[in-house]
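The values are calculated or read from the model by the stated rules, or taken from the named source; none is laboratory data. This structure is a prediction, so every number in the text was calculated from the model and none was measured. Here the Cβ is made from the backbone with ideal geometry for all residues, glycine too, and neighbour counts use every protein chain on show. To get the accessible areas, we keep the full protein, side chains included, count just its heavy atoms, and leave off ligands, DNA and RNA. Shrake-Rupley method; radii C 1.70, N 1.55, O 1.52, S 1.80 Å.
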Amino acid sequence: TLADGNLVVANGHGVDFSATAGSGTSELFDDYEEGAWTPVLASDAVAGGYTTQVGKYTKIGNVVNAFFNVQMSSLGNFAGAVVAITGLPFNSANNACEEIGSVNVKDPASAMTNGVYLRKLNNDNGMRLEVASGTTTSDHNLPANKIDTGTLVQGSITYLTA
């Protein structure tokens, strides 16, 4: 029983759940973190300016839950065939699993296509905005000309770290 204060364990140690006889490779809870990150909309160039750039995350073990709101105040020289959001707090694992996140895109000019989603890049701190096509055999990147000044991009993704 801990009546007051925090339980502190030495660096590199954690809470051992091996008595539960699970089938995992590790039953040691040794990593928990909460924090903020700065989402950046990027294509062949970054946006000219932002109205909003807010990101929050929770990391439990090797699983990161990241949330963000980002809105451009000016396009600058924002252009290209791929739109990405970079700046996630941790690089993802380099594995065959492609984590998919949810995103809501609010475009004041109504030029946005429907069915936009996030695809996490392996071994990277970014994710791409893609357009659902009904097939997984080809790449359907959201082009930068679908993003306008004032476009609000909000979303979340859960991904694995190395």
Practice task
Just order 145-152, 28-35 by mean Cβ neighbour count inside 10 Å, highest at the front, would you?
Solution key: 145-152, 28-35
Practice task
Rank by packing, highest mean first: peptides 37-43, 117-123, with packing defined as the count of other Cβ atoms within 10 Å averaged across residues.
Solution key: 37-43, 117-123
Exercise for the section: Using the charge dipole of the chain (Lys, Arg: +1 at Cβ; Asp, Glu: -1 at Cβ; taken about the Cα centre), state which of Ser23, Asn125, Ala10 has its Cα farthest towards the positive end. Expected result: Asn125
Problem - Per-residue HN-Hα couplings for segment 69-76 [Karplus 6.51, -1.76, 1.60; θ = phi - 60°; Hz; x = Gly/Pro] - result: 9, 9, 9, 8, 8, 8, 6, x
Exercise for the section: Any aspartates and glutamates with Cα under 12 Å of the Lys56 Cα? List them, leaving off those in the same chain fewer than 8 positions away. Expected result: Glu33, Glu34
Exercise for the section: Taking a cut-off of 20 Å between Cα atoms, list the aspartates and glutamates near Lys146, but don't count ones fewer than 8 places away on the same chain. Expected result: Asp44, Asp107, Glu130
Practice task
Work through the residues other than Glu34 whose Cβ is under 13 Å from its Cβ and net out their charges, Lys, Arg +1 and Asp, Glu -1.
Solution key: 0
Problem - Nonlocal amide H pairs with Leu142, under 5 Å, H built at 1.01 Å - result: Val83, Leu129, Glu130, Val131
Completion exercise
At q = 0.21, 0.22 1/Å the base-10 log of I(q)/I(0) from the Debye formula over the alpha-carbon atoms of segment 57-102 is -0.96, -1.01
Practice task
Please sort 78-84, 57-63 by packing, taking for each peptide the average over its residues of neighbouring beta carbons within 10 angstrom, highest first.
Solution key: 78-84, 57-63
Problem - Radius, Kirkwood style, for segment 13-67 when every pair of distinct Cα atoms is counted (Å) - result: 14.3
Exercise for the section: About the Cα centre of the chain, how large is the charge dipole given +1 on each Lys and Arg Cβ and -1 on each Asp and Glu Cβ? Please answer in debye to the nearest 20. Expected result: 500
Handout entry: Interchain or long-range residues, amide H under 5 Å from Ile147's placed H
Key = none
Practice task
Can you work out the accessible area per residue across the chain, with the rest of the protein chains kept in place, probe 1.4 Å, in square angstrom?
Solution key: 56
